[in-house]
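The block underneath contains the structure these notes are about, expressed in structure tokens.
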Amino acid sequence: MSAFVFVLPTWPVDVWTQAMKAAAPDLDVRVWPNHLGRVEDIKYAAAWLPPADVLKGFPNLKLICSLGAGVDAILGDPTLPRDIPIVRVNDPDLTTRMSEYIVLHVLMHHRQQRRLGANQKLGVWDSFPTHAASALTVGIMGMGVMGADAATKLAMLGFKVVGWSRSRKTIPGIRCFAENELDAFLSQTDILVSLLPATKETDGIINRALIQKLSRKGPFAAPIMINAGRGRQQVEEDIITCLDNGELYAATLDVFSQEPLPRSSPLWSHPKVTLTPHAAADSDPETICRYVHQQIQNFEIGQPLQNLVDRKRGY
Ligand SMILES: NC(=O)c1ccc[n+]([C@@H]2O[C@H](COP(=O)([O-])OP(=O)(O)OC[C@H]3O[C@@H](n4cnc5c(N)ncnc54)[C@H](OP(=O)(O)O)[C@@H]3O)[C@@H](O)[C@H]2O)c1
């Protein structure tokens, strides 16, 4: 029986262990740090935010599975064993949850739900004029699995949608820009959505200079931003400056440069910020454990692994 280990310092490991035992009766499921057994037996690891140095402690590891779509925390370990394949989750359940979040927040801004909520609290009947979805262009940075799905769903609702990624995509009804066309993409974008991975290239990409290049031709006369990618992509001081001086109309943030977001952050109480605790797309234990088990089975019979991470690209 091959041994498998969970390294999940911030998640309820008992729930995951139960789900993995149900999905993979052929595996000897162990848990870091307290139920490891002989570390030499461990062939497979599944991790989320593993502390540095932990994975290198399994000398016979053959495969690492990230339990989320992002792999920045795993790749950030300077002692990560080389040459071991890393696979990440790409699953319809996770993708659908992310699209729900993006659609929810695009609609919330478009339909000015925060203004309506504030009016209700004050007992104010203010039926201000609204506009059609087609009056707004949503620009998605990162047209991978999640970006493409959210883009398609937003287009179905009538929004104009543009997308930006390293390589140009071809998606019916969506104008897609390549890496060297960032400015053209930004100039069309009224609502910016980031679904980029955290890499050296995307660190700090959402800064004041980028925000200033966004469209001001939409119905709110200033752009809106939604970040559900990674917090490292945003310069939070710049976002606050732009919200305060009107260069940004509003922001939805699910991810932050430091998580949990410190209680002292001005983002908590900013009147133009909607904030969620890195909860845009949660990994479901049963679904993800079935997926991980399938990857392990593929590996054992020499079949190609799916959603293999390219360590050089960083995602
Ligand atoms: N907040 C949450 O709860 C949550 C949950 C899950 C995932 N996420 C985040 O969402 C991210 C996206 O997930 P995914 O499954 O859609 O990933 P993915 O399929 O790997 O897509 C990443 C996209 O970003 C593009 N990209 C990467 N670096 C770029 C750069 N320097 N310039 C332009 N485009 C770049 C890629 O371009 P190419 O297609 O040309 O390679 C690709 O289109 C994850 O990495 C994670 O950070 C957040």
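Remarks
- FRET E, pair L308, R263, Förster distance 41 Å, beta-carbon r, rounded to 0.05: 0.55
- Cα gyration tensor, the chain - rounded (a/c under 1.5), prolate or oblate: prolate
- Local net charge near D83, Cβ-Cβ under 11 Å (Lys/Arg +1, Asp/Glu -1): +3
- DSSP-defined antiparallel bridges as percent of all bridges, the chain, nearest 5: 5 percent
- Cα centre as origin, Lys/Arg/Asp/Glu Cβ charges: the chain dipole, Debye: 660 debye
- Shown for region 239-315 is the translational diffusion coefficient from the Stokes-Einstein equation, using the Kirkwood radius over Cα pairs, a temperature of 20 °C and a viscosity of 1.002 mPa s: 132 µm²/s.
- Among A228, L186, P285 the positive-end extreme of the charge dipole of the chain (Cβ point charges): L186
- What you get for region 1-122, charging only the Cβ of Lys and Arg (+1) and of Asp and Glu (-1), is a dipole of about 600 debye around the Cα centre.
- Relative contact order, percent, the chain [alpha-carbon distance under 8 Å, six or more residues apart]: 17 percent
- If the chain linking Q297 and S127 were pulled fully straight, counting 0.36 nm for each residue of separation and taking away their Cα-Cα distance, it would gain 55.4 nm.
- Shown is the FRET efficiency for E201 and L36, computed with R0 = 51 Å from the Cβ-Cβ distance and rounded to the nearest 0.05: 0.90.
- Rounded to whole Hz, the Karplus (6.51, -1.76, 1.60) HN-Hα couplings of region 304-315, x for glycine and proline: x, 7, 9, 6, 6, 7, 8, 4, 5, 5, x, 7
- Label-point separation, S134 to D282 (7 Å along Cα→Cβ), nm: 3.8 nm
- Residues R115 and L182, FRET efficiency given R0 of 22 Å [Cβ-Cβ distance, rounded to 0.05]: 0.10
- Since only L305, A135, V7 are under comparison, the one whose Cα sits farthest along the positive direction of the charge dipole of the chain, derived from C-beta charges on Lys, Arg, Asp and Glu, is A135.
- Between N245 and R168, the modelled labels are 3.4 nm apart [label points 7 Å from Cα along Cα→Cβ].
- Region 63-109, Cα convex hull volume normalised per residue, Å³: 74 Å³
We did not get these values from a lab; they are worked out from the coordinates using the rules stated. Keep in mind the model is a prediction, meaning the values are calculated, not measured. Glycine gets a Cβ as well: all are built from the backbone with ideal geometry, and neighbour counts include every protein chain shown.
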